[in-house]
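In what follows, a single structure is set out as structure tokens and then discussed.
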Amino acid sequence: MTSGSSPATSAHPAPGSSLTAARRSAELARTVGGPPVDVLVVGLGATGAGVALDAAARGLTVAAVDAHDLAFGTSRWSSKLIHGGLRYLASAQLDVAHESAVERGVLMERTAPHLVGAQPFVLPLNPLVSRGQAALARAGFRAGDALRLSARTARATLPAPRRLSAVETRHLAPALRGTGLRGGLLSWDGRLTDDARLVTAIARTAAAHGARILTRVRALELTRSGARIRDELTGEEGEIRARAVINASGVWAGGLVDGIRVRPSRGTHLVLRSDHLGPLPAGLHIPVPGETNRFVLVLPQGDGRVYVGLTDEPVEGGIPDVPEVPETDIGFLLDVLGSALDVPVHRNDVVGAFAGLRPLLDTTPTAGSGAAPRTADISRRHAVLTSPDGVITVVGGKLTTYRRMAEDAVDAAVATHRLAAGPSPTASVPLVGAAAPHVLAALEAPRRLIRRYGTEAPAVHALGAHDPRLREPVLEGHPVTHAELVWAVRHEGALDEADLLDRRTRIGLVPDDRAAALNAAQEALGETLGRR
């Protein structure tokens, strides 16, 4: 947390950050057909919301639109990890690795310590992992720790990797098969409480700096001087004028700007009930049989669920709003689990599944010049591209480096369109809810709420002071409370049931849970928006 910041710890949201239906309507009315803004951002995933914050924090006027909701696309389908760049070292992408480590440190120590914490992982040394592979992995973890040091991330933030005995390995991961287990390797990385909550925090911080955050507004056409848009709630069309336009629509970027080639890669995760695998004090890196540097992750979530992922498969054809999970992906992940776990996991144990599409920049040669590489081998570098008519597109990259991607995109817009703005300050701008660990520890609210809302947790909890029902869970077996649904409508821009269940909370990842919570979501919307 930067010095001089004063996080809100009362029963109120951070000043100017509340996103409401009324605010959306008012800001949309004065933006469409109104005076030009300095920057129009298209897309409100992590990168687009980051662009809105970066530009607004530099003192520029900003409007940011999305055809759907905050974090509707790729940003909510991640592994919820903030990677330090270890996998990029293995492919000699040293600049990407260092950038990832730096941005991980920024999130963990300055801008979002309430949302990003240290996650331990165990790599089991079972009969499928040769001693040579184990030595390579151990060297990799040491190199990852050197990345942490080069990024100046404190040892107290991320502990050192080390070798584990077989007993220690089974203690941290009792579900592992004990036969032939000769120990394990313990490593640490950053882990998000919730990726969609990160996007919400970025967008609300941008709003607190004056950005107009306009969901349900579809960009139909981009030009050098703005965009033709449609309000998806009313069907009305209009124009938003801007001095600079930044296309941050991820896998959909090529549909708005000619010449942008994105090669989507599908990453699939399974959702299991935590009680099926038993206690998991640490996550797992399970080696994929036959691969030297590829792993399946087992990620305990702390909400009664475990995620297992992920795949890396190319996607051909049209890009859907919500990707479907093919049975081949589910079978692959279950097979890898079966190679290492003592607990059998069958198809009917999978209570949910989700897939996201990585917006990888396609830099492969045109037809006739050889086979395209696997999507797993395509660089995760991001690119900032300027079209002939001056539209800036930012594409590629990954969730961890959203802030740097946004900074580079705004730098390009400032230079191309000669906007009056200085350098980016966002490496030291705390997101809504952020505070130093000792401040968070002193808050009077449940620990689970603090990990999700930071300094606003007491305000969320206070909603139940006069109505104890709001402190009760929305459904049995899941910790989200009724107060969180109400808070999402009042302050986080939730406009319908899907916003509440699929993005502000993650109840909807399990279809049965989503159905059971639907009435509660409708009640929260009705009480707050008057939609009886």
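The values are calculated or read from the model by the stated rules, or taken from the named source; none is laboratory data. Predicted model only: the values in this text are computed from it and were never measured. Because the Cβ atoms are built from the backbone with ideal geometry, glycine has one as well, and the counts that use them run over all protein chains shown.
Things worth noting here:
- Unique residue being touching a strand residue (DSSP E or B) at 6+ places or on another chain (Cβ under 6 Å) and either of a type outside the set (Asp, Glu) or touching a residue at least 60 places away in the same chain (Cβ under 8 Å) (or both) when the list is GLN133, GLN119: GLN119
- You will find that of VAL102, VAL129, the residue that is outside the structural domain of VAL41 (by TED's automatic domain parsing), among the β-branched types (Val, Ile, Thr), surrounded by fewer than 24 Cβ atoms within 10 Å (Cβ to Cβ) and under 30 Å from ARG448 (Cβ atoms) is VAL102 and no other.
- Of the numbered criteria (1) of a type outside the set (Lys, Arg); (2) buried (at least 24 other Cβ atoms within 10 Å of the Cβ); (3) assigned to a helix (DSSP H, G or I), the one ALA412 fails is (2).
- Strands (runs of 3 or more DSSP E) wholly inside the range 263-348 containing at least 1 residues that are in contact with a His (Cβ under 9 Å, 6 or more places away or on another chain) and among the hydrophobic types (A, V, I, L, M, F, W, C): 295-300, 305-309
- Taking the range 182-255 and the strands (runs of 3 or more DSSP E) fully enclosed by it, the elements with 2 or more residues that are free of Cβ contacts under 8 Å to residues at least 60 places away in the same chain are at 217-223, 226-231.
- Of the residues contained in the range 155-170, one or more are found to be closer than 30 Å to GLY48 by Cβ and not basic (Lys, Arg).
- Those helices (runs of 4 or more DSSP H) lying entirely in the range 42-148 with at least 1 residues β-branched (Val, Ile, Thr): 46-57, 94-106
- Leading residue by the ranking (farthest from PRO13 (Cα to Cα)) among those in the range 489-532 that are more than 24 Å from the chain's Cα centre (by Cα) and crowded, with 20+ Cβ neighbours inside 10 Å: ALA520
- When residues in the range 10-34 are screened for being farther than 30 Å from ALA462 by Cα, part of a loop (DSSP other than H, G, I, E, B) and among the β-branched types (Val, Ile, Thr), 1 of them pass.
- Subset of the range 199-229 (residues that are basic (Lys, Arg) and crowded, with 17+ Cβ neighbours inside 10 Å): ARG204, ARG212, ARG216
- Filter result for GLY390 (at positive phi and free of Cβ contacts under 8 Å to residues at least 60 places away in the same chain): no
- Screening the range 149-181 for residues that are in a helix (DSSP H, G or I) and not hydroxyl-bearing (Ser, Thr, Tyr) and picking the one that is surrounded by the fewest Cβ atoms within 10 Å (Cβ to Cβ) gives VAL167.
- The residue that is modelled with the lowest pLDDT, counting only those in the range 390-415 that are among the β-branched types (Val, Ile, Thr) and closer than 15 Å to ALA248 by Cβ, is VAL395.
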